[in-house]
1. Can you send over the carbon and sulfur percentage of the accessible area for the chain, probe radius 1.4 Å, protein chains only?
2. Could you provide, to the nearest whole Å², the per residue accessible area of the chain with probe 1.4 Å?
3. Over all alpha-carbon pairs of the chain, lay out the pair-distance distribution in 10 Å bins, whole %, shortest bin first.
4. Please identify the trypsin sites (Lys or Arg not before Pro) of region 1-70 that satisfy two criteria: DSSP loop assignment and at most 13 other Cβ atoms within 10 Å. Which are they?
5. With the Cα gyration tensor of region 32-72 giving a ≥ b ≥ c as the square roots of its eigenvalues, does the rule (a/c under 1.5 for rounded; else a/b larger than b/c for prolate; else oblate) give rounded, prolate or oblate?
6. Which value, in debye to the nearest 20, gives the size of the charge dipole of the chain about its Cα centre, when Lys and Arg are +1 and Asp and Glu are -1 at the Cβ?
7. Any idea how far the Cα center of region 26-46 sits from the one of region 49-72, in Å?
8. Cα axis of helix 40-51 to longest principal axis of the chain: angle in degrees, 0 to 90, nearest 10?
Amino acid sequence: MATLDARGLKCPLPVLKARRALKELPPGEALEVLATDPAAPKDFQVFAREAGLTVETLEAPAGEYRLALRRA
């Protein structure tokens, strides 16, 4: 699983960086995103729905979000 560290970035940068990183991954591969923006979970849910991705929220320390995006 590839990892994108988007901690410290505010919307829309985490989603834009994730979109770029996903283009380089083969189908079925997952991208782990680390983020601190409180809007990240909602932003990534919308992005995933529009892009045909699945998104999983993974455990993370308080104040951080850890998401896995997977191409279908």
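1. C and S atoms contribute 53 percent here.
2. Per-residue value: 61 Å².
3. Percent of Cα pairs in each bin: 22, 62, 16, 0.
4. Lys10
5. oblate
6. Working: 11 positive and 10 negative charges, 52 e Å.
Once rounded to the nearest 20, the dipole reads 260 debye.
7. 4
8. Once rounded, the angle reads 20 degrees.
The values are calculated or read from the model by the stated rules, or taken from the named source; none is laboratory data. Just so it is clear, the model here is predicted, and its values are computed rather than measured. Methodologically, a virtual Cβ is constructed for each residue, glycine included, from the backbone with ideal geometry; neighbour enumeration extends over all protein chains shown. The accessibility values were calculated without ligands, DNA or RNA, using every heavy atom of the protein model including side chains. Shrake-Rupley method; radii C 1.70, N 1.55, O 1.52, S 1.80 Å.
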